[in-house]
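The values are calculated or read from the model by the stated rules, or taken from the named source; none is laboratory data. Fair warning: this is a prediction, and the values are worked out from it, not measured in the lab. When we count neighbours, we look across all protein chains shown, and the Cβ atoms used for this are built from the backbone with ideal geometry, even at glycine.
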Amino acid sequence: MTIQWYPGHMAKAKREAEQKLKLVDFVIELVDARAPISSENPVLHGLLQNKPKMVVLMKKDLADPAITKAWLDYYKAEGIHALAIEANQKKDVQLVVQMAKDLARDKMDKLRAKGVRPRAARAMILGIPNVGKSTLINRLANKKAAQTGDRPGVTQKQQWIKVKKDFELLDTPGILWPKFEEEEVGYKLAAIGTIKDQILPKEDVAAYILDFMKTNYPSFLRERFGFEGYDDIMGAFEQIGQKRGCLESGGHVNFDKTSDVILQDLRNGKLGSVSFDHPE
Ligand SMILES: Nc1nc2c(ncn2[C@@H]2O[C@H](COP(=O)(O)OP(=O)(O)OP(=O)(O)O)[C@@H](O)[C@H]2O)c(=O)[nH]1
């Protein structure tokens, strides 16, 4: 889904998320493993008040494994429940269920302590566009999972997916906007495909990726495009365009097509497992 985030849309998304939040015991916040800080929503922390959350770093298959591990260590040190997954790996999805059950158990214990009969803990998935919300909901709602029927929501009926006996998930995610404030964050989000290609010029995003790779992953550049370093970015585009056949009549390199090649190669992992945010 592509959304242009105007202030009115942001206010509406925030209102909807707030309404859904009232219905749940804890939140599953999805971020992109390649940029866990840049892909956080800026206001979620405030919306949660003291509601427990777990963080799922999605698309770990596309991220640098060493940096993902550093992120998990960081979250652990901060006392935040977090794990990294590849949505197509069943065992990874089971880890999400397990961690959610642990959070649910806390809730159940609190209810029991108050003398209230425990009920299934309810959670919702929240995150910025394209982070993998629908994919994870579908994986958690495997065929055996039953719908538990309608329960009154605030403005509409909400459907709950019974993932486990003691853990139910709201079947629609909360969608919040990405960060826009810092230019570099914008480039990172555009690089991983989280904000629309129209928002930042494609060639600028492709140039950002090449510069980032030159500094952080030069060997991946060599493996994919046949060179490591370069002095001028135009020369790098020329080489890639020539190598990948992004040519116009007269044999000139087409920079627009070359940008597409760079963006696609990064987004589908062909440039290697690349992380844009570091915990420090
Ligand atoms: N490589 C990889 N791709 C994933 C993973 N999880 C989701 N995706 C892909 O990411 C893209 C976006 O996933 P969605 O589930 O549609 O994301 P969403 O957050 O629901 O997106 P919106 O509807 O825009 O809010 C899809 O192409 C998914 O196949 C993952 O773990 N690894």
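Confirm whether Lys51 is at pLDDT below 95, over 20 Å from Pro178 (Cα atoms), crowded, with 17+ Cβ neighbours inside 10 Å and touching a strand residue (DSSP E or B) at 6+ places or on another chain (Cβ under 8 Å). So Lys51 does not fit the description; no. Cβ separations smaller than 9 Å between residues 6+ apart or across chains give the following pairs from the range 245-270 residues that are at positive phi to residues that are among the polar types (S, T, N, Q): Gly251/Gln242.
Within the range 8-18, identify whether any single residue is within 16 Å of the ligand (Cβ to nearest atom) and either under 14 Å from the mean Cα position of the chain (by Cα) or among the small types (Gly, Ala, Ser) (or both), and answer yes or no. The answer is yes, given that some residue of the range 8-18 is within 16 Å of the ligand (Cβ to nearest atom) and either under 14 Å from the mean Cα position of the chain (by Cα) or among the small types (Gly, Ala, Ser) (or both). Taken together, Ile161, Ile262 contain a single residue that is more than 20 Å from the chain's Cα centre (by Cα), hydrophobic (A, V, I, L, M, F, W, C) and assigned by TED's automatic domain parsing to the domain that holds Lys60, which is Ile161. From the list Lys188, Lys214, Lys164, the one residue that fits, being modelled with pLDDT under 95 and on the phi < 0 side of the Ramachandran plot, is Lys164.
Would you confirm whether or not the range 269-280 contains a residue that is of a type in the set (A, V, I, L, M, F, W, C) and at pLDDT below 95? Checked the range 269-280: no residue is of a type in the set (A, V, I, L, M, F, W, C) and at pLDDT below 95.
Just so you know, in the range 130-158 the residues that are surrounded by fewer than 19 Cβ atoms within 10 Å (Cβ to Cβ) and within 16 Å of the ligand (Cβ to nearest atom) include one that is modelled with the lowest pLDDT, and it is Asn142.
The set of residues from the range 203-219 being in contact with a Leu (Cβ under 7 Å, 6 or more places away or on another chain) and surrounded by fewer than 20 Cβ atoms within 10 Å (Cβ to Cβ) comprises just one member, Lys214.
Right, Gly226: more than 16 Å from the ligand (Cβ to nearest atom) and surrounded by fewer than 20 Cβ atoms within 10 Å (Cβ to Cβ) or not? It is true that Gly226 is more than 16 Å from the ligand (Cβ to nearest atom) and surrounded by fewer than 20 Cβ atoms within 10 Å (Cβ to Cβ).
If you go through the range 39-63 and keep only what is assigned to a loop (DSSP other than H, G, I, E, B) and within 14 Å of the ligand (Cβ to nearest atom), you end up with Ser39, Glu40, Asn41, Lys59, Ala63.
Among the residues examined, His45 qualifies as closer than 21 Å to Glu280 by Cβ, surrounded by fewer than 16 Cβ atoms within 10 Å (Cβ to Cβ) and modelled with pLDDT under 95. Among the residues making up the range 69-91, those that are within 15 Å of the ligand (Cβ to nearest atom), outside any loop (DSSP other than H, G, I, E, B) and surrounded by fewer than 19 Cβ atoms within 10 Å (Cβ to Cβ) are Leu83, Lys90, Lys91.
Leu83 meets the stated requirement of being assigned by TED's automatic domain parsing to the domain that holds Ala17, within 17 Å of His278 (Cα to Cα) and not charged (D, E, K, R). State whether one or more residues within the range 22-38 are outside any helix (DSSP H, G or I), touching a residue at least 12 places away in the same chain (Cβ under 8 Å) and polar (S, T, N, Q). The answer is yes; a qualifying residue exists.
Any idea which residue in the range 111-129 is farthest from the ligand (Cβ to nearest atom), counting only those that are among the aliphatic types (A, V, I, L, M) and touching a residue at least 60 places away in the same chain (Cβ under 8 Å)? The extreme case among them is Ala121.
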